[in-house]
Amino acid sequence: MTYVSGFLTPVKTQDRDRYIKSAEASWPFFQKHGCLHHMETWGVDIADGHTTDFNRAVKKEEGEAVVLAWLVWPDKATADSAWAAMMEDPDMANMDMPFDGKRMMWGGFETIFERSAA
């Protein structure tokens, strides 16, 4: 089964286009290091929960949206190797990252169920 790196971060709504350009620029790095699929999503229907929710998770502020993104890898070993290589890549260090990294959260997930209509 595949391995997924997931991200959740707040982005200023005025920086939406800038964020999309950053995501587009990052795909070649991910792909070069073995990523199979890259998805970035912009929150448009995120309700406040009773105990917790996406907005509170990232401490969303006025004028921000929540972005949920994920990268699909063939396995954890490929993802781990890719992250190590990308952190050493000077081009990656110079990329525009239009979000508050202190409020970003991420994690790695093993696939336990997967189906597709395609």
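Couple of notes before you dig in:
- What the chain shows is 67 Å² of accessible area per residue, with the surface traced by a 1.4 Å probe over protein heavy atoms.
- Exposure ranking of ASP45, ASP100, ASP91, ASP15 by accessible area [1.4 Å probe, largest first]: ASP45, ASP91, ASP100, ASP15
- Whether the chain is rounded, prolate or oblate, judged on the alpha carbon gyration tensor where a/c under 1.5 counts as rounded: oblate
- Sequence of PHE113, PHE99, PHE54, PHE30 when ordered by accessible area, the most exposed leading, probe 1.4 angstrom: PHE113, PHE54, PHE99, PHE30
- Sulfur and carbon atoms: percent of accessible area, region 1-117 [1.4 Å]: 55
- Within straight-line cross-link reach of LYS60, aspartates and glutamates at Cα separation under 15 Å, skipping those fewer than 8 residues along the same chain: ASP15, ASP45, ASP48, ASP100
- Extension gain from THR2 to TRP42, taking 0.36 nm per residue of separation minus the Cα-Cα distance: 12.0 nm
- For a paramagnetic label modelled on MET95 (point 7 Å from Cα along Cα→Cβ), amide N atoms under 17 Å away belong, within region 26-67, to 26-42, 67.
The values are calculated or read from the model by the stated rules, or taken from the named source; none is laboratory data. Nothing here was measured: the structure is a model prediction, and the numbers come from that model. For neighbour counting, all protein chains shown are included, and Cβ atoms are generated from backbone atoms with ideal geometry for every residue, glycine included. Accessible surface is based on the protein model in full, side chains and every heavy atom, while ligands, DNA and RNA are left aside. Shrake-Rupley method; radii C 1.70, N 1.55, O 1.52, S 1.80 Å.
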